[in-house]
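Q: The structure is given below, and queries will be raised subsequently.
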Amino acid sequence: MTNGSATGAHSVAFTLKSLGVEVAFGLPGVHNLALWPALHDAGTRIVGSRHEQGTVYAADGYARATGKLGVALTTTGPGAANTVGAVGEAWASHSPVVVIATDIPTTQRRPGVYRGVLHESIAQAAMFVAVTKSTIEVADAEGIATAVIAAATLARSAPSGPVYVGIPTDLLDAPAPLVEDPPGEWTAGISDMQPSLDAIATSERPLLWIGGGTRDAGDGIAALATRLGAPVVTTYQARGVLSADHPLLVGAPPHEPPVIDLIERADLAIVIGSDLDAMTTMAWRLPLPGRRVAINVDPADATKNYSMDAVLTADARITDLIAQAVAPREPWAGDLAALVATLRDELRAAPETAESIEFLERTEAALPAGALVFADMCIPGYWLAGHFRVRTPRSLHYPMGWGTLGYAFPAAIGAAAAFQAEHRPVVSVSGDGGMLFAIGELATAAQERLPLTAVVVDDGGYGMLRYGHDPDADLGTELTTPDFAAVARGFGIAARSVVGVGEDYQAALAEAVASGVPNLLHVRATLFPPRSTSPRWPLRGA
């Protein structure tokens, strides 16, 4: 195709292709239909969602699992508005996602006036201001490629996050230039390393606290931890940066009493790629060591919740260089594997959490090492997020940014599409309430023949909301739920139901995952929440 025959839709498509986008997630509408043949011409696959929110969740899941740019395509007005909840999750979790939405035609727009045009809003982009890094509105067809490049650059630059691009629908059919050369890679600057090295040198019991910014820095994190003999505490997004069997990994969340005790024994916290958010620190009640240094691409992000003695502005991969610059020392924290094993024994022995630990361990036993797991905001998801033994990087994902219910299944679709050619299994774990948010996406899994197993743990309602309340009170938490397996079979998806989380559950999950085709497993079970949920935090107060 030549520039002379290209349209605005081709400008979008070929610009995305120049940026390395191989898969996009979209839902067609009358205003954005031109994008489908254009992306086909460019050689980019579009995976179709059944709700606009699903397009962004899938793009987010794709971005988290691969580290690449996620792209969502949606139509004008209500189509764009339907994505806002999922965009908020991508924003709070720093996922590099670009949302490309059409808007009403330029010929019909009158600024500040609602004229009754199909799908019109007075200021569509304004809906995204609170949940994106930036909103970009295209004024003419010649500016489409520039806008898409700018959005991708912003989305991927530190700190990463979603960007909205609005394109009036008439510009998709207008003549437009194509991208001649792909843009270069963005790189971050590095500040002075010496203050951080000085703090490390004078510490005796350093501890590494690692967050989502370390997801591609596993070698450096392992080297620095080993060099310092430092235990490594992970946030939800950093699960898998160190393999579950690494001797310096603290394989339990910082909400558990033995982990709190360990953190209190440290005399220096080296906080890498984390903003020390409220949910992980129990609303900042966690007693981090009095001396703290941070490594973060955004110095303001590093210091907004806890003060730091030094901040090294750099990508987490600089830990390779730091490891080479510090003196080696012996581990100080004792047998961390034994700490976690003892904790699990205690939880297994407690009547209220015994079944939850069985669910956790049966799930671990059923899944192969390379499986990707997406956990929703539900009690089984809370257990997986904090305690699941993650063996490879970017293999466990959880919406602890905004905490959006209904995230896991559509986000898992994005990962399954990314790794479909490699036949890498993907598993989503939802509660019955959360699955009903996105049950229509079963059609996408069936149509695309994705290697995805959806696990629905059904306790007949919003189980977490029942906790700590009068069981006879009407709080809207009790739900009439369908036969999820029958629903899945209606979509042409293999499905099975089991009662409890014992041997039958483990066998059914292993069989579903091994099949390599879409599956749904309906599990009837009621689990007790872990201490990582705010009503059970061990550190609470005013």
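The values are calculated or read from the model by the stated rules, or taken from the named source; none is laboratory data. Just so it is clear, the model here is predicted, and its values are computed rather than measured. In this analysis, Cβ positions are derived from the backbone assuming ideal geometry, glycine residues included, and neighbour counts consider all displayed protein chains.
Q: Within the stretch 38-46, is there a residue that is of a type in the set (D, E, K, R), in contact with a strand residue (DSSP E or B) (Cβ under 7 Å, 6 or more places away or on another chain) and within 18 Å of Met400 (Cβ to Cβ)?
A: Let us first name the residues in the stretch 38-46 that are of a type in the set (D, E, K, R), namely 41, 45.
Then keep just the ones that are in contact with a strand residue (DSSP E or B) (Cβ under 7 Å, 6 or more places away or on another chain); that gives 45.
With within 18 Å of Met400 (Cβ to Cβ) added as a condition, the list becomes none.
Scanning the stretch 38-46 turns up no residue that is of a type in the set (D, E, K, R), in contact with a strand residue (DSSP E or B) (Cβ under 7 Å, 6 or more places away or on another chain) and within 18 Å of Met400 (Cβ to Cβ).
Q: Being in a helix (DSSP H, G or I), at pLDDT 95 or above, touching a helix residue (DSSP H, G or I) at 6+ places or on another chain (Cβ under 9 Å) and closer than 30 Å to Val426 by Cβ narrows it down to one residue among Ala152, Ala130; which is it?
A: It is Ala152.
Q: A further question follows. How many of the residues in the stretch 281-311 are more than 12 Å from Leu539 (Cβ to Cβ) and either among the polar types (S, T, N, Q) or assigned to a strand (DSSP E or B) (or both)?
A: 10
Q: Take the stretch 443-460 and flag every residue that is in contact with a strand residue (DSSP E or B) (Cβ under 8 Å, 6 or more places away or on another chain), at negative phi and among the small types (Gly, Ala, Ser). Please lay out each step first, then the result.
A: Of all residues in the stretch 443-460, those in contact with a strand residue (DSSP E or B) (Cβ under 8 Å, 6 or more places away or on another chain) come to 444-445, 447-448, 450-460.
Of the ones still in play, those that are also at negative phi are 444-445, 447-448, 450-459.
Within the stretch 443-460, Ala445, Ala454 qualify.
Q: Mind telling me which of the residues Val487, Val523 ends up being crowded, with 21+ Cβ neighbours inside 10 Å and out of contact with any Cys (no Cβ under 8 Å at 6 or more places or on another chain)?
A: Result of the check over Val487, Val523: Val523.
This table checks each residue for (1) closer than 20 Å to Ala230 by Cβ; (2) in contact with a helix residue (DSSP H, G or I) (Cβ under 7 Å, 6 or more places away or on another chain); (3) buried (at least 16 other Cβ atoms within 10 Å of the Cβ); (4) without any contact (Cβ under 8 Å) to a residue 12 or more places away in the chain.
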residue	(1), (2), (3), (4)
Thr281	yes, no, yes, no
Asp298	no, no, yes, no
Asp301	no, no, yes, no
Thr313	no, yes, yes, no
Leu336	yes, no, yes, no
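Q: Restricting attention to the stretch 17-37, report how many residues are in contact with a Phe, Trp or Tyr (Cβ under 8 Å, 6 or more places away or on another chain) and either within 22 Å of Arg156 (Cα to Cα) or among the small types (Gly, Ala, Ser) (or both).
A: 3
Q: Further, regarding this structure: If I filter the stretch 437-448 down to residues being over 11 Å from Asp376 (Cβ atoms) and of a type outside the set (D, E, K, R), which single residue comes out as surrounded by the most Cβ atoms within 10 Å (Cβ to Cβ)? Full working, then the answer.
A: Filtering the stretch 437-448 for residues over 11 Å from Asp376 (Cβ atoms) gives 439-448.
Remaining after also requiring of a type outside the set (D, E, K, R): 439-440, 442-447.
Working: Ile439: 22, Gly440: 14, Leu442: 26, Ala443: 16, Thr444: 28, Ala445: 30, Ala446: 18, Gln447: 14.
Among those that are over 11 Å from Asp376 (Cβ atoms) and of a type outside the set (D, E, K, R), it is Ala445.
Q: Which is of a type outside the set (Asp, Glu), surrounded by fewer than 22 Cβ atoms within 10 Å (Cβ to Cβ) and more than 25 Å from Glu361 (Cβ to Cβ), of Leu207, Leu197, Leu248, Leu228?
A: Working: Leu207 fails: surrounded by fewer than 22 Cβ atoms within 10 Å (Cβ to Cβ); Leu248 fails: more than 25 Å from Glu361 (Cβ to Cβ); Leu228 fails: surrounded by fewer than 22 Cβ atoms within 10 Å (Cβ to Cβ).
Just a single option satisfies the conditions, and that option is Leu197.
Q: On the given criteria, is Ile270 within 27 Å of the chain's Cα centre (by Cα), assigned to a strand (DSSP E or B) and touching a residue at least 24 places away in the same chain (Cβ under 8 Å)?
A: Against the criterion (within 27 Å of the chain's Cα centre (by Cα), assigned to a strand (DSSP E or B) and touching a residue at least 24 places away in the same chain (Cβ under 8 Å)), Ile270 qualifies.
Q: Given the structure, is Tyr62 assigned by TED's automatic domain parsing to the domain that holds Glu137, touching a residue at least 40 places away in the same chain (Cβ under 8 Å), out of contact with any strand residue (DSSP E or B) (no Cβ under 8 Å at 6 or more places or on another chain) and not hydrophobic (A, V, I, L, M, F, W, C)? Walk me through it before giving the result.
A: Working: assigned by TED's automatic domain parsing to the domain that holds Glu137: yes; touching a residue at least 40 places away in the same chain (Cβ under 8 Å): yes; out of contact with any strand residue (DSSP E or B) (no Cβ under 8 Å at 6 or more places or on another chain): no; not hydrophobic (A, V, I, L, M, F, W, C): yes.
Taking the combined requirement at face value, the residue does not satisfy it.
Q: Follow-up question, since we're still on this one. Could you grab the pairs with beta carbons closer than 8 Å, sequence gap of 6+ or different chains, first residue in the stretch 222-239 and not assigned by TED's automatic domain parsing to the domain that holds Ala325, second one modelled with pLDDT of 95 or more?
A: none
Q: Criterion first (more than 25 Å from the chain's Cα centre (by Cα), touching a residue at least 24 places away in the same chain (Cβ under 8 Å) and not assigned by TED's automatic domain parsing to the domain that holds Leu27) does Thr481 satisfy it?
A: Taking the combined requirement at face value, the residue satisfies it.
Q: Pick from Gly490, Gly500, Gly476, Gly468: which is at positive phi and either at pLDDT 95 or above or outside the structural domain of Gly406 (by TED's automatic domain parsing) (or both)?
A: Exactly one residue qualifies, and that residue is Gly500.
Q: His40 versus (1) outside any loop (DSSP other than H, G, I, E, B); (2) touching a Pro at 6+ places or on another chain (Cβ under 9 Å); (3) surrounded by fewer than 20 Cβ atoms within 10 Å (Cβ to Cβ); (4) of a type outside the set (Asp, Glu): which is the lone unmet condition?
A: The single condition His40 does not satisfy is (2).
Q: May I pose another question? Taking Asp219, is it closer than 26 Å to Leu69 by Cα, in contact with an Asp or Glu (Cβ under 8 Å, 6 or more places away or on another chain), of a type in the set (Asp, Glu) and modelled with pLDDT of 95 or more?
A: Spelling it out, Asp219 is indeed closer than 26 Å to Leu69 by Cα, in contact with an Asp or Glu (Cβ under 8 Å, 6 or more places away or on another chain), of a type in the set (Asp, Glu) and modelled with pLDDT of 95 or more.
Q: Considering the stretch 211-259 alone, what residues qualify as being closer than 12 Å to Leu339 by Cβ and either outside any loop (DSSP other than H, G, I, E, B) or not charged (D, E, K, R) (or both)?
A: Within the stretch 211-259, Pro231, Val233, Pro247, Leu248, Leu249, Val250, Gly251, Ala252, Pro257, Pro258, Val259 meet the criteria.
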